[in-house]
Structure formats: C-alpha cells, structure tokens
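Okay, structure first, notes after.
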Amino acid sequence: MNNVTVQTIVPILLLIGAGFFSRKIGILKSGDERVLSAYVYYFALPALALVNLGEIILTGSTLKFMSAGIIPILVAVIVFVAISRIFRFSRDTLYLLIVSTVFGSVAFFGLPFITFAFPTKQAEHLAVLSVSSIGPVGVAISMTTLELYKLETGTIWQGLRRVLRKFSKNPLILSILAGFSLALMKLEIPLLLSTSLHMLGKTTSTVAIFMLGVFLYGPKYTNIVNALKLSLLRILFLPFVALLTMQLLNLPSLEKTILVLMHSTPVAVSIIVLSERYNFYKEIIASLILVSTIGGGLCVTLWLLLLGSQ
C-alpha cells in the first residue's frame with residue numbers, strides 16, 4: 001500500500017474511531033451527532049462551497065467536469081428502471097435500489113477523503129465542484145423517489161415540485177448558487193469575510209468524519225445480508241460506471257480519479273433521517289449505512305490504489 005493511501009485512510013479511521021469511542025465512554029450522548037451534523041450542514045459545508053466556487057474560473061472544461069460527475073448517476077437510474085421493467089420488480093424495490101445507489105456521502109466522506117489524499121488547492125477545488133454537481137443531483141433524485149414512495153400514486157412531477165420547494169430553503173444549495181453567481185459575475189468576496197469563510201470551511205472534513213463515528217455507535221443493525229448486497233451497488237457498480245464514463249470522456253487523470261472516488265463513497269448518513277421521516281425500509285437503511293461505511297472505506301482505498309497505479 002502506497003504512502004498516499006496510508007496517509008489518507010489512517011487519519012480517517014482514527015477520526016471515525018474517536019467519534020465512536022466518544023459515544024462509547026459517554027463523552028457524547030445520543031442525539032449529539034445531530035448538533036455536529038447541523039454545524040457541518042448549515043455552516044461549515046456552505047462556507048466551503050461558497051468560497052471555493054466563488055474563486056473558480058468557469059470554463060468549458062469546468063462545466064465538462066461537472067457534467068461528467070452527473071452522468072453515472074443518470075445511467076444507474078436508467079439501468080434500474082430498465083431492469084425493473086424487464087424483471088417486473090415492484091415499485092418499492094426499484095425505489096430502494098435507486099436510493100441505495102445515488103445518495104452517496106460525497107460531502108461528508110468524499111470531500112475529506114479527497115482533501116486527505118490530494119492536499120492541494122486544485123484537488124480541493126475539484127472536490128468542491130464534484131460535490132456541487134453530484135450532491136444536488138443525487139439528493140434530488142433520492143428525495144423525489146422518497147416523495148413518490150410516500151405518495152404511492154403520485155407522479156414524478158408532483159415529487160419534483162416538493163423537492164424544488166425544499167431545495168429553495170437548503171443552505172448548501174443556496175451557497176452553491178451564490179458561489180456560482182460570484183464566479184459568473186467575477187466578483188471577489190471581501191478579504192475579511194473570505195478569511196472567516198475559509199476558516200469555517202476548513203473544519204468541514206474533520207468534523208464530518210468525526211461525526212460519522214459518533215453516528216455509527218448505537219443503532220441496531222439487522223438485515224445485514226440485504227444491506228451488503230445493496231451496498232455493492234454504491235461502492236462497486238456506480239464507480240465502475242463512473243470509470244467507464246471518465247474513460248469515454250477522456251478526462252485528465254486527477255479529474256477522473258476524483259470523480260470515480262466520489263462515486264465510490266459510502267451511502268450518505270443523512271439517509272437514515274429521511275428513511276425515518278418517510279418510513280422507508282428503516283432497518284435495512286441503518287444496516288446499509290454501517291456496511292457501506294466499512295465496505296466503502298475499503299473500496300474507496302482500493303479504487304485510489306487502482307487509479308493511482310494507472
């Protein structure tokens with residue numbers, strides 16, 4: 001195992017372990033992970049997105065990179081719909097396949113992993129760009145799917161309207177739009193504000209990974225076998241589709257590596273909240289997060305080794 005991989009995965013495992021044992025020995029209690037999640041979701045991550053996107057120069061290659069990140073998600077959804085038609089899966093099974101695959105932890109796991117693996121400004125910009133494209137699309141598809149599950153007889157347009165209303169109040173989406181607006185208008189953030197936003201944004205990776213360890217302690221895990229099967233869609237199938245996509249688009253090596261790694265990240269932790277809210281396969285989803293976090297941590301490391309060897 002090369003030095004880059006060791007320097008990436010060891011700090012992540014130590015941070016996850018610190019979060020886990022902080023619950024086990026009682027320093028943090030049940031529910032404290034929501035405070036950490038709220039901090040990252042409402043403050044640190046939006047600040048990171050705003051300053052990074054505000055500083056980029058929008059070019060054809062930038063837009064190509066962002067579009068390339070979205071394509072594997074769309075391909076996966078099309079494949080699942082086609083398979084469900086051929087083998088006559090139930091709608092609920094189709095919904096489970098989609099949510100388990102497209103809702104990845106690109107911000108809470110992928111972004112820290114990339115910044116640890118490639119500690120350069122270019123890699124951080126590319127990571128934020130990929131989060132800004134992959135994240136909203138994955139969340140939109142997942143939430144639309146869950147809205148349709150809740151409606152039972154609803155149409156995709158009904159689900160989309162509800163999702164758009166929620167997006168209009170989402171801090172990450174708003175910060176992404178603000179960052180792109182600054183980039184398009186070529187406006188600079190005032191230095192004092194920029195410094196504060198950079199300081200806030202730099203806490204994203206550490207707190208997000210620590211929070212993952214806090215979350216993993218406590219829930220009851222059942223349906224492990226089904227969760228394992230579903231996790232393979234996220235940590236093997238989707239990054240494989242991403243790798244083929246990046247090869248066809250002939251992206252530069254670093255861009256290709258970052259997008260494949262983003263698509264091999266574990267299932268997003270926040271999906272447990274949505275599964276509770278929508279009463280959507282709650283036991284399977286809890287186990288899916290555990291299995292995909294463990295398996296995803298291993299697979300994203302293997303993908304890094306594979307891509308690094310190329």
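Any read-out appearing in this document is the output of simple, stated calculations on the displayed coordinates, not a laboratory observation. All values derive from a computational prediction rather than experimental measurement. Cβ atoms come from the backbone with ideal geometry, glycine included; neighbour counts cover every protein chain shown.
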Inter-part distance where the stretch 276-305 and the stretch 65-135 are each reduced to a Cα centre, Å: 13 Å
Where only alpha carbons of the stretch 3-303 are counted, the Rg and the Dmax (Å): 18.5, 58
Neighbourhood charge, 15 Å Cβ-Cβ cut-off, centred on PRO72 and excluding it, Lys, Arg +1 and Asp, Glu -1: +2
Helix-only CD estimate at 222 nm, as mean residue ellipticity for the chain, using -39500 (n - 2.57) per DSSP H run (n ≥ 4): -25000 deg cm²/dmol
Equivalent ellipsoid semi-axes, the stretch 1-153, via Cα gyration tensor eigenvalues times 5, rooted, Å: 30, 24, 16
The chain - percent relative contact order, Cα under 8 Å, separation 6 or more: 32 percent
Debye, to nearest 20: dipole size of the stretch 3-303, +1 on Lys, Arg Cβ, -1 on Asp, Glu Cβ: 560 debye
Two-site FRET efficiency, ASP92 against LYS64, from Cβ-Cβ distance with R₀ of 51 Å, rounded to 0.05: 0.90
Table column - 3J(HN,Hα) (Hz), the stretch 106-116, Karplus curve with 6.51, -1.76, 1.60, x for Gly and Pro: 5, 8, 8, 10, x, 4, x, 4, 5, 5, 6
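For an R0 of 22 angstrom, estimate the FRET efficiency from the Cβ-Cβ distance between SER168 and ALA38 and round to the nearest 0.05.
With a Förster radius of 22 Å, E is 0.70.
Stretched out fully, how many nm does the piece from SER181 to SER194 gain, at 0.36 nm a residue minus the Cα gap? Please report the intermediate quantities before stating the final value.
Values: separation 13, 0.36 × 13 = 4.68 nm, distance 1.56 nm.
3.1 nm is the gain from fully extending SER181 to SER194.
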LEU302 paired with LEU236, simple spin-label distance in nm, labels 7 Å along Cα-to-beta-carbon: 0.7 nm
Net charge contributed by nearby residues that have their C-beta within less than 11 Å of VAL214 (K/R +1, D/E -1): +2
Histogram of C-alpha separations across the stretch 152-280, 5 Å bin width, %: 2, 7, 9, 13, 16, 19, 18, 10, 4, 2, 0
Cross-link pairs LYS150/LYS282; LYS121/LYS256; LYS166/LYS186; LYS29/LYS202 - those with Cα-Cα distance over 19 Å: LYS166/LYS186; LYS29/LYS202
Estimated distance in nm for a label pair at LYS202 and LEU228, the labels positioned 7 Å out from Cα along Cα-to-Cβ: 4.3 nm
